[in-house]
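Here is the structure we will look at, set down as structure tokens.
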Amino acid sequence: MSEFKIGPLNHVGVAVPDLEEACETYRTLYGATDITTPFDMPEQGVKVCFVNLPNSQIELIEPLNEESPIHNFIQKNPKGGQHHVCFEVDDINEAVDEMGKRGATVLGKPRIGAHGTMIVFVHPKNSNGVLIELMESPEGAH
Ligand SMILES: C[C@@H](C(=O)O)C(=O)SCCNC(=O)CCNC(=O)[C@H](O)C(C)(C)COP(=O)(O)OP(=O)(O)OC[C@H]1O[C@@H](n2cnc3c(N)ncnc32)[C@H](O)[C@@H]1OP(=O)(O)O
Ligand SMILES: [Co+2]
């Protein structure tokens, strides 16, 4: 087995029915001041923005359409909910290979994520009901 291991927590994904409303909640209820402008990621089926915190980010995601991978999640959780946890990895292809060897179900092929590096997801059944995103580190290898 390779030495592969997860690195820093990059972000926590929160699925929401309305991105603007969710941003407003982080602004007015929690006083968050650094919230990025929302943008569409059609290839991921989501509209995204980040609440930047000193040590991490909350990624707010709203489904773009009924084909979105988070469409069913919002149907089941109409007010939204915690959706995924994202860890950085040094090398996405190594991560995919090693996840497979370790018996996990990797969902699809790596794709470009919201930070401009490759991401891939591991099924929640493999990790106590938590959907895990693995993201190639923006700073390169650790
Ligand atoms: C922008 C980007 C970035 O950071 O760069 C992102 O994060 S994009 C983030 C959005 N993209 C993704 O999530 C892509 C990967 N996700 C997927 O492929 C999908 O969402 C699945 C994880 C396969 C779930 O799909 P879907 O909800 O349609 O399937 P399903 O209804 O059959 O659900 C199968 C089981 O998984 C559960 N389930 C669904 N979503 C879940 C979640 N987020 N966390 C924990 N459990 C979850 C369901 O309740 C169900 O449980 P039971 O079997 O017990 O009823
Ligand atoms: Co994410």
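The values are calculated or read from the model by the stated rules, or taken from the named source; none is laboratory data. Here the structure is a predicted model, which means the values were calculated and not measured. Because the Cβ atoms are built from the backbone with ideal geometry, glycine has one as well, and the counts that use them run over all protein chains shown. Just so you know, the surface numbers come from the protein's heavy atoms only, side chains and all, with ligands and any DNA or RNA stripped out. Shrake-Rupley method; radii C 1.70, N 1.55, O 1.52, S 1.80 Å.
Points worth noting:
- Entries in Lys47/Lys79; Lys76/Lys125; Lys47/Lys125; Lys79/Lys109 that, when Cα-Cα distance is taken, lie over 19 Å: Lys47/Lys125; Lys79/Lys109
- Chain lengthening between Ser127 and Asn72 when straightened (0.36 nm per residue, less Cα-Cα): 17.8 nm
- Taking packing as the residue-averaged number of other Cβ atoms within 10 angstrom, the listed peptides 40-52, 83-95 run from highest to lowest as 83-95, 40-52.
- Using a probe of 1.4 angstrom and keeping all protein chains present, the accessible surface of region 8-136 works out to 54 square angstrom per residue.
- With contributions of -39500 (n - 2.57) from each DSSP H run of at least four residues, the per-residue ellipticity at 222 nm computed over the chain stands at -5000 deg cm²/dmol.
- Positive-end residue of Val16, Leu53, Leu64, charge dipole of region 8-136 with Cβ unit charges: Val16
- Expressed as a fraction of 2.2 N^0.38 Å, the C-alpha radius of gyration for region 8-136 is 1.04.
- The mean sequence separation of alpha-carbon pairs under 8 Å and at least six residues apart, normalised by the residue count of the chain, gives a relative contact order of 24 percent.
- Share of carbon and sulfur in the accessible heavy-atom surface of the chain [1.4 Å probe, %]: 51
- Region 8-136 - share of DSSP beta bridges that are antiparallel (%, nearest 5): 70
- Its relative contact order, with pairs defined as Cα atoms under 8 Å and 6+ residues apart, puts region 84-142 at 43 percent.
- Put a plus charge on the Cβ of each Lys and Arg, a minus charge on the Cβ of each Asp and Glu, and nothing anywhere else: the dipole of region 8-136 about its Cα centre is then about 460 debye.
- Relative to the longest principal axis of the Cα atoms of the chain, the long axis of helix 92-101 makes an angle of roughly 70 degrees.
- Scoring 105-111, 116-122 by mean Cβ neighbours within 10 Å over their residues and listing the highest first yields 116-122, 105-111.
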